[in-house]
Amino acid sequence: MKNFKDFLNDTLVVLCARGNSKGLKNKNIIKINNKPLIYFAINKIKKNNIIHRCISSDSRSIIKISKKYGIDSFFIRPKKLSGPNVSKLMVWKHALSKSEQHYKKKFKYFLDIEITNPLTNEKDLDKFLKLFFKIKNKFDGMFCTRKSWKNPFF
């Protein structure tokens, strides 16, 4: 794929992992098959050779676990961006700013990997990246969605 490597080099991948989850305490590090939930997101990123990545978390234990599996942290999310009512957009902006300072570059593309979706794998991420690479000149962004089978206002 022509310039796909350049595309990946211009992409920042962010994992947002708040430590004090509102619904399920410490959900991002709950173990599934003896691996913390965050491991599955990190594994997808590593297997797709994405080099510019960061973890946005207010939890030192999440940051420590992320480092163990290959994502170093270069900032801790401030408390004002760690509450249950904080917009994810604000968290993304903060992570992007910190990452551009750390990597000393401006990113053209931004990808948020949802930690609480361990059923998608590296092949799903690869397909997503390659599809967006093909259409990136026509669209500003792309989301993966699925029709909900339960009330989102639970």
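The values are calculated or read from the model by the stated rules, or taken from the named source; none is laboratory data. Because the structure is a prediction, the values reported are computed rather than measured. For neighbour counting, all protein chains shown are included, and Cβ atoms are generated from backbone atoms with ideal geometry for every residue, glycine included. Note: areas computed on protein heavy atoms with side chains; ligands, DNA, RNA excluded. Shrake-Rupley method; radii C 1.70, N 1.55, O 1.52, S 1.80 Å.
Filtering region 106-129 to residues that are over 14 Å from the mean Cα position of the chain (by Cα), closer than 20 Å to N48 by Cβ and open to solvent by 50 Å² or more (accessible area, probe 1.4 Å) leaves K108, L119, K123, D124, K127. Close contacts from region 47-64, counting a first residue that is without any contact (Cβ under 8 Å) to a residue 60 or more places away in the chain and a second that is surrounded by fewer than 21 Cβ atoms within 10 Å (Cβ to Cβ) and of a type in the set (S, T, Y), with Cβ to Cβ under 6 Å and a gap of 6+ residues or different chains, come to H52/Y103; I55/S73; D58/S82; I63/S73. Of the residues that sit in region 131-154 and are part of a helix (DSSP H, G or I) and either open to solvent by 60 Å² or more (accessible area, probe 1.4 Å) or polar (S, T, N, Q) (or both), which one is nearest to I62 (Cα to Cα)? Of everything passing the filter in region 131-154, L131 is nearest to I62 (Cα to Cα).
A count restricted to region 1-18 and to residues that are assigned to a loop (DSSP other than H, G, I, E, B), out of contact with any Phe, Trp or Tyr (no Cβ under 6 Å at 6 or more places or on another chain) and open to solvent by less than 60 Å² (accessible area, probe 1.4 Å) stands at 2.
Counting just the residues of region 77-104 that are open to solvent by 50 Å² or more (accessible area, probe 1.4 Å) and in contact with a strand residue (DSSP E or B) (Cβ under 9 Å, 6 or more places away or on another chain), which one comes out farthest from N26 (Cα to Cα)? Selected residue: Y103. Taking the listed residues S21, S73, S56, the one that is of a type in the set (S, T, Y), at pLDDT below 95 and either touching a Cys at 6+ places or on another chain (Cβ under 6 Å) or open to solvent by less than 30 Å² (accessible area, probe 1.4 Å) (or both) is S21, with no other qualifying. Note down all Cβ pairs under 9 Å where the first residue falls in region 71-86 and is among the aromatic types (F, W, Y), the second is open to solvent by 70 Å² or more (accessible area, probe 1.4 Å), and they're at least six residues apart or on different chains. Sorted first by the residue in region 71-86, then by its partner, the pairs are F74/K98; F74/Q101; F74/H102; F75/K98; F75/Q101; F75/H102.
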